[in-house]
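Presented below is the structure to which this report refers.
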Amino acid sequence: MNKVILMICICFLTQFVLSACATSSDSQNQSLPNEEPSSFSQRALTEGIDNARIIEETEFFKLVWSDYLFYYYIYDNNHTVVKSEGPLSRQPRISIVDDLVKFTLQSGTGLGTQWGYFYDTKRDVFSEILYCIHDQFNGKVALVKSDKVIIRDIFSESKYYQEITTFNEPFSKMIDPIDSVSFIDDGESIEVIYFTGDNYQEVTEIFKLD
């Protein structure tokens, strides 16, 4: 009889120990942090994405991360979502420039693989998709297409459009010979830096805009 009671006590004690160990293991696993960039906010997202972390948030956009994928939301002046997209495997770049939300995303390396658009928060208007955006200033955007530079109005080519196709030196034989295009002189001119020759020498030219 004593042996039976002793066996029952041992069984109960074993089950108790195993249960305590399992509970402790689960608690430790739940406390392990997910791998994520240290700059992420710990605030939960309200748009229904599980385990989301806010990378950046302003009055007009929100960029979030979840399970190594990216999602973004663009807002109008009433903080109503006017555009959202995701999941994206690459992190987009979103910024506010002259009351415009600027969105760009690269599918590879170099600006030649970049596309993007602008959103006018005051007029609630989106631009068309633009490719290889180098710079923008006062309603104009500088783009590169193959071996030419395009300066145009961000929202309408009919308002302003100019192409620059003639340069002092021949381009180097490479995929993207034009390195950078920037507005200067308060938007009256642009500075173009490109590569020339077999030794890829940098050349800087300034063009007055019409």
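Ser182 fulfils the conditions (1) touching a Gly at 6+ places or on another chain (Cβ under 9 Å); (2) outside any loop (DSSP other than H, G, I, E, B) except for a single criterion, (1).
Val141: surrounded by fewer than 18 Cβ atoms within 10 Å (Cβ to Cβ), modelled with pLDDT of 95 or more and among the hydrophobic types (A, V, I, L, M, F, W, C), yes or no?
Details: surrounded by fewer than 18 Cβ atoms within 10 Å (Cβ to Cβ): no; modelled with pLDDT of 95 or more: yes; among the hydrophobic types (A, V, I, L, M, F, W, C): yes.
When the stated conditions are applied, Val141 does not pass them.
For region 105-138, residues that are among the hydroxyl-bearing types (Ser, Thr, Tyr), surrounded by 17 or more Cβ atoms within 10 Å (Cβ to Cβ) and in contact with a strand residue (DSSP E or B) (Cβ under 6 Å, 6 or more places away or on another chain) total 3. The set of residues from region 150-188 being closer than 21 Å to Leu100 by Cβ and hydrophobic (A, V, I, L, M, F, W, C) comprises Ile150, Ile151, Ile154, Phe155, Val181, Phe183, Ile184.
Considering the conditions (1) at pLDDT below 90; (2) among the β-branched types (Val, Ile, Thr); (3) exposed (fewer than 12 other Cβ atoms within 10 Å of the Cβ), Thr80 is excluded by exactly one of them, (1).
Of the residues making up region 185-204, just one is in a loop (DSSP other than H, G, I, E, B) and polar (S, T, N, Q), namely Asn199. Residues in region 148-171 that are open to solvent by less than 80 Å² (accessible area, probe 1.4 Å) and within 21 Å of Asp198 (Cα to Cα): Lys148, Phe167, Phe171.
So, of the residues in region 124-179 that are of a type in the set (Val, Ile, Thr) and not in a strand (DSSP E or B), which turns out to be nearest to Gln114 (Cα to Cα)?
Once the filter is applied, the top-ranked residue is Ile129.
The values are calculated or read from the model by the stated rules, or taken from the named source; none is laboratory data. Everything quoted here is computed from the prediction, not taken from an experiment. Here the Cβ is made from the backbone with ideal geometry for all residues, glycine too, and neighbour counts use every protein chain on show. Remember, those area values only see protein heavy atoms, side chains included, never the ligands or the DNA or RNA. Shrake-Rupley method; radii C 1.70, N 1.55, O 1.52, S 1.80 Å.
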